[in-house]
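Colleague: Below is one structure. I have some questions about it.
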Amino acid sequence: MNKCLMCGREIKIKLTLKWLLSMQHLKDPVICQNCMESFSKIELRSICPGCGRRQKERRLCQDCQRWLKMGEENLLKNRAMFVYDVVMKEYMQRYKFSGDYQWRLIFQEQFTNFIKQNSQQNYLYVAIPVDQQTFNTRGFNQVEGLLQNIELSELLEFQTKQGHVKQSTKTRKARMETGQPFKYKGARKLDGENIILLDDIYTTGRTLYHAKHILEAQGAGSIYSFTLAR
Amino acid sequence: MDKTELYGRLLLDTELTMELRRSLIDRAQPAVVQQGNYIECQRCLSKTRKEQAMLPNGTYYCPQCILLGRVSSTNQLYHLNEPNLFSKLTQTPLSWQGQLSPFQQNCSKKLIKALDRPGKYLMWAVTGAGKTEMLFPMLTKALLQKKRICLASPRVDVCNELYPRIVAAFRKITPVLLHGHSKQSYQYSQLTICTTHQLLRFQHAFDLLIIDEVDAFPFVNSQMLKKAAKRAMKISGTLVYLTATPTKNMLVRIKQNKLPVSYLPIRFHRKLLPVPQVWLLNHWQNKLARKKFPVKLTNCLRKWSKDALPFLVFVPNIELLKPVLQVLRSVLPKNVLGDSVYSADPQRITKVQAMRDHQLNYLVTTTILERGVTFPSLNVMILGADERTFSVSALVQIAGRVGRSQKRPYGDVIFICQDYVKNVKDAVQQIKDLNKKGDKLLNE
Ligand SMILES: [Zn+2]
Ligand SMILES: [Zn+2]
Ligand SMILES: [Zn+2]
């Protein structure tokens, strides 16, 4: 019997119908049912259609309305699997900040299935990159760790420090790009390719919209996103 | 940070200041060693298969001891020999004024003898025997001999309870308290009080290592922590185990005369242990599903409440906390207040304190409160004492919460079962056996 990665207890698989149905495609679980149920799953029926946040009604949340006001024409229509609550924060603390790479296995298969089941054909998958220093000390990209057999297109990378442009000389569009951490890494310009961005957490959406803008400027088609948590 | 902080320790480069690291650079050891298909972490001595330890950037990390900060193949470890640089005491450091009972004294004398002899020693004393006080003479002697001492426990609550008592008993010494949530920073001290996890940061440091509640989780089934304890001691050091409920393995080694033991079957107030009442109730779980409780249980809990006595209700798993608490709230008078608590409960410490302060009359709890907590005049009930979660030692420890005060050295211990299973029989038998020995001792 395997021990639960989270609580250390032996994993007993209770043969309830719900469990069988939810696990039918999955390999041996690495955490126990108890620990898995401590995460709050988001029902896709009642979410903000812009960012995938769990809410009572299906309508745009304040954050998404702000993105529209700031000139965003198409929202990311982000879809997230879990609520970014205390339990998920603790998970991220262990996986990402303590750097316990094994903990990727807790969600890897589920998250991959979630992405595949909810995205149409003919999309390029782009994972949000981490900067070089983080990669060196952490040893991994936490988004890629959560994915299994998803072919990724390396279209984004972190910018190295660049010359600072004065705020007043920028156009409205340029001002929106303040703090843009990414630059384009593709070999050639895009030609209307549709793209799905993948990240671990959607908090304000800032990072994902930065990524979206870079790809739009290169000629991408529609751009959506998936995150593990919102 | 100066080099005294490395005496007898084993620290990662990331735990040292740049200055100290530079001055000791020639002493750096690799933190991870590769051995065939495995890596061996040099901090916790665990082996991990390479495929489970490899990171995408080509380095390896140790998943076993990550709670103390990650060790990877990019790290180095630093260590300096323990020089026992403690100021010589000219008189006893013991400021405790209390008196040991003749039984306690007897045990205590044997412990002092163990100090002169390297190896392992077990002090088996029933719950509520006053084992901390029994350690004082041994600690005094070790301190006078300039020995370096560590009091460790798998349970953080136990460390937190020990620390103020040790500080009060040895005012001339400044002990250091180390655990994951402790705000104290490390300093070189003759006396360390810490969780067993913290032992991973020591190497050949202690002349005397005492492990309290040695049969508790996570120490009891962790090879990593056992190795850490061994390495934290000097080769010629003395290791003392304390417990009220030795493991099977220990009992076997006692029988084979491989583990010297001193034994105290009587509580400090010289009253016997409360013997559990086993109630066979078939349908308590079905009733609970219908938000009800068997009348016999309700009557018992109402009586405890009427007598204004605090009580604990133990349940076998977290899922039962809520329904049991709901039923209790509905069947008990409104002025009888209770709550539930479990190990990962963010409010655990506050709730236990509220119980101590009599703001709560009862707690519904998992095995997390089986040891390390003392509430005077307590009664306890275990729902589903026949469930596997409750080991023999858990049952004995839980029963041992009752009757600890001089004022009320008795109380009710009630085991609710559907079946009279072996664990329950064994636990009751163990308590009766202890009482027989205690009785004999009292009548000698
Ligand atoms: Zn678990
Ligand atoms: Zn939204
Ligand atoms: Zn390790």
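The values are calculated or read from the model by the stated rules, or taken from the named source; none is laboratory data. Predicted model, so just to flag it, every value in this text is computed and none were measured. Cβ: placed from backbone, ideal geometry, glycine included. Neighbour counts: every protein chain shown. Keep in mind that these areas ignore ligands, DNA and RNA; they rest on the heavy atoms of the full protein, side chains included. Shrake-Rupley method; radii C 1.70, N 1.55, O 1.52, S 1.80 Å.
Colleague: Using modelled amide H (1.01 Å from N, peptide plane; none on Pro or chain starts), what sits under 5 Å from the amide H of A:Met6, excluding residues fewer than 5 places away?
Modeller: Distant-sequence amide H within range of A:Met6: A:Cys32.
Colleague: So, R0 is 51 Å and r is the distance between the beta-carbons of A:Ser222 and B:Ile25; what FRET efficiency does that work out to, to 0.05? Write out the running numbers ahead of the final one.
Modeller: Values: r = 55 Å, r/R0 = 1.08.
Rounded to the nearest 0.05, the efficiency is 0.40.
Colleague: Heavy-atom accessible area of B:His181 with all protein chains present, probe 1.4 Å, nearest 10 Å²?
Modeller: Approximately 150 Å² of B:His181 is accessible to the 1.4 Å probe.
Colleague: For chain B, set up a GNM with springs between Cα atoms under 10 Å and report which of B:Gly69, B:Gly119, B:Gly237 has the largest fluctuation.
Modeller: Ranking B:Gly69, B:Gly119, B:Gly237 by mean-square fluctuation puts B:Gly69 first.
Colleague: While we're looking at this one, here's another question. Which values of log₁₀ I(q)/I(0), to two decimal places, follow from the Debye formula for segment B:3-78 at q = 0.11, 0.25 Å⁻¹ with a uniform point scatterer at every Cα?
Modeller: -0.28, -1.13
Colleague: Can I ask one more? Of B:Asp339, B:Asp116, B:Asp157, which is the most mobile in a GNM of chain B whose springs link Cα atoms less than 10 angstrom apart?
Modeller: The residue that fluctuates most here is B:Asp116.
Colleague: Taking the dipole about the Cα centre of segment B:102-264, with the C-beta of Lys and Arg at +1 and of Asp and Glu at -1, give me whichever of B:Leu115, B:Thr127, B:Thr245 is farthest to the positive side.
Modeller: After comparing all options, I get B:Leu115.
Colleague: Check the cysteines of chain B one by one and keep only those with no other cysteine Cβ under 4.7 Å from their own.
Modeller: B:Cys107, B:Cys150, B:Cys159, B:Cys194, B:Cys300, B:Cys417
Colleague: Skipping prolines and chain starts, which residues have an amide H placed within reach, meaning under 5 Å, of the one on A:Phe182, given they are 5 or more residues away or on another chain?
Modeller: Counting only residues 5 or more places away or on other chains, the set is A:Gln159.
Colleague: For a 22 Å ceiling on Cα separation, which of these pairs sit above it: B:Lys141/B:Lys227; B:Lys110/B:Lys131; A:Lys12/B:Lys226; B:Lys50/B:Lys230; B:Lys3/B:Lys141; A:Lys96/B:Lys50?
Modeller: Numbers: B:Lys141/B:Lys227 27 Å; B:Lys110/B:Lys131 13 Å; A:Lys12/B:Lys226 27 Å; B:Lys50/B:Lys230 26 Å; B:Lys3/B:Lys141 27 Å; A:Lys96/B:Lys50 20 Å.
Correct reply: B:Lys141/B:Lys227; A:Lys12/B:Lys226; B:Lys50/B:Lys230; B:Lys3/B:Lys141.
Colleague: Chains A and B: what accessible area do they bury, summed, in square angstrom to the nearest 100, with a 1.4 Å probe?
Modeller: Numbers: alone 13500 and 20930 Å², together 33280 Å².
That pair hides around 1200 Å² of surface in total.
Colleague: Sum up the charges of everything whose Cβ sits under 12 Å from the Cβ of B:Arg201, counting Lys and Arg as +1 and Asp and Glu as -1, but leave B:Arg201 out.
Modeller: +1
Colleague: Hey, another quick one. Please give the solvent-accessible surface of B:Lys226 in Å², to the nearest 10, using a probe radius of 1.4 Å with every protein chain present.
Modeller: We get 80 Å² for B:Lys226.
Colleague: So if I take the centroid of the Cα atoms in segment B:185-246 and the same for segment A:115-149, what is the distance between those two points in Å?
Modeller: 42
Colleague: Further question on the same structure: Explain nothing, just compute: Karplus ³J(HN,Hα) = 6.51 cos²θ - 1.76 cosθ + 1.60, θ = phi - 60°, for every residue of segment B:362-374 in order, whole Hz, x for Gly and Pro.
Modeller: Rounded to whole hertz, the list is 8, 10, 9, 9, 8, 5, 4, 9, 5, 8, x, 10, 10.
Colleague: For chain B, just list the percent of Cα-Cα distances falling in each 10 Å bin from zero outward, please.
Modeller: That works out to 4, 19, 27, 24, 17, 8, 1, 0, in percent per bin.
Colleague: Let me ask another. Report, in debye and to the nearest 20, how large the dipole of segment B:254-381 comes out about its Cα centre when Lys and Arg carry +1 and Asp and Glu carry -1 on their Cβ. Show your work: numbers first, answer last.
Modeller: On the way: 20 positive and 6 negative charges, 72 e Å.
So the dipole magnitude of segment B:254-381 works out to roughly 340 debye.
Colleague: From the Cα trace of segment A:39-229, what convex hull volume per residue do you get, rounded to a whole Å³? Spell out each step's value before the answer.
Modeller: On the way: hull volume 25.6 nm³, N = 191.
About 134 Å³ per residue, rounded to a whole number.
Colleague: Projected onto the charge dipole of the protein assembly as shown (+1 at Lys/Arg Cβ, -1 at Asp/Glu Cβ, origin at the Cα centre), which of B:Tyr61, B:Tyr342, A:Ile31 gives the Cα projection farthest towards the positive end?
Modeller: B:Tyr342
Colleague: By the scheme Lys and Arg +1, Asp and Glu -1, what is the net charge of all other residues having a beta-carbon under 10 Å from that of A:Ala220? It would help to have the intermediate numbers written out before the result.
Modeller: Numbers: positive: A:Lys189, A:Lys212; negative: A:Asp191, A:Glu193, A:Glu216.
Local net charge: -1.
Colleague: Share of segment B:239-363's accessible area from carbon and sulfur, percent, 1.4 Å? Kindly include the intermediate steps, with their values, before the conclusion.
Modeller: Working: 3640 of 6730 Å².
Percent of accessible area from carbon and sulfur atoms in segment B:239-363: 54.
Colleague: Grab the DSSP H runs of the protein assembly as shown that are 4 residues or longer, score each as -39,500 (n - 2.57), total them, divide by all residues and round the 222 nm result to the nearest 500 deg cm²/dmol. Could you put the intermediate results ahead of the total?
Modeller: Working: 22 runs with 204 residues, N = 674.
After summing the helix terms and dividing by residue count, I get -8500 deg cm²/dmol.
Colleague: At 15 angstrom or more along the helix axis (alpha-carbon based) and mean Kyte-Doolittle of -0.5 or higher, what helices does chain B contain? Whole DSSP H runs only. Walk me through the numbers before you get to the answer.
Modeller: Details: long enough: B:102-115 (20 Å, -0.39); B:131-144 (21 Å, 0.66); B:156-169 (20 Å, 0.65); B:295-306 (16 Å, -0.65); B:321-331 (16 Å, 0.88); B:422-443 (31 Å, -1.17).
Helices meeting the span and hydropathy rule in chain B are B:102-115, B:131-144, B:156-169, B:321-331.
Colleague: In whole angstrom, note down how far apart the Cα centers of segment B:14-35 and segment A:24-73 are.
Modeller: 44
Colleague: Please compute, for peptide A:127-139, the average count of beta-carbon atoms on other protein chains lying within 10 Å of each residue's beta-carbon.
Modeller: Numbers: counts 0, 0, 0, 0, 0, 0, 0, 0, 3, 3, 6, 6, 12.
Per residue, the average neighbour count from other chains is 2.
Colleague: So how do B:Met134, A:Met6 rank on accessible area, 1.4 Å probe, biggest first, that is with the largest at the start? Mind showing how you got there, number by number?
Modeller: On the way: B:Met134 0, A:Met6 60 Å².
Largest to smallest exposure gives the sequence A:Met6, B:Met134.
Colleague: Turning to a different aspect of this structure: Counting heavy atoms of the protein chains only and a 1.4 Å probe, report the per residue accessible area for the protein assembly as shown as a whole number of Å². Mind dumping the intermediate values first?
Modeller: Working: 33280 Å² over 674 residues.
Result: 49 Å² per residue.
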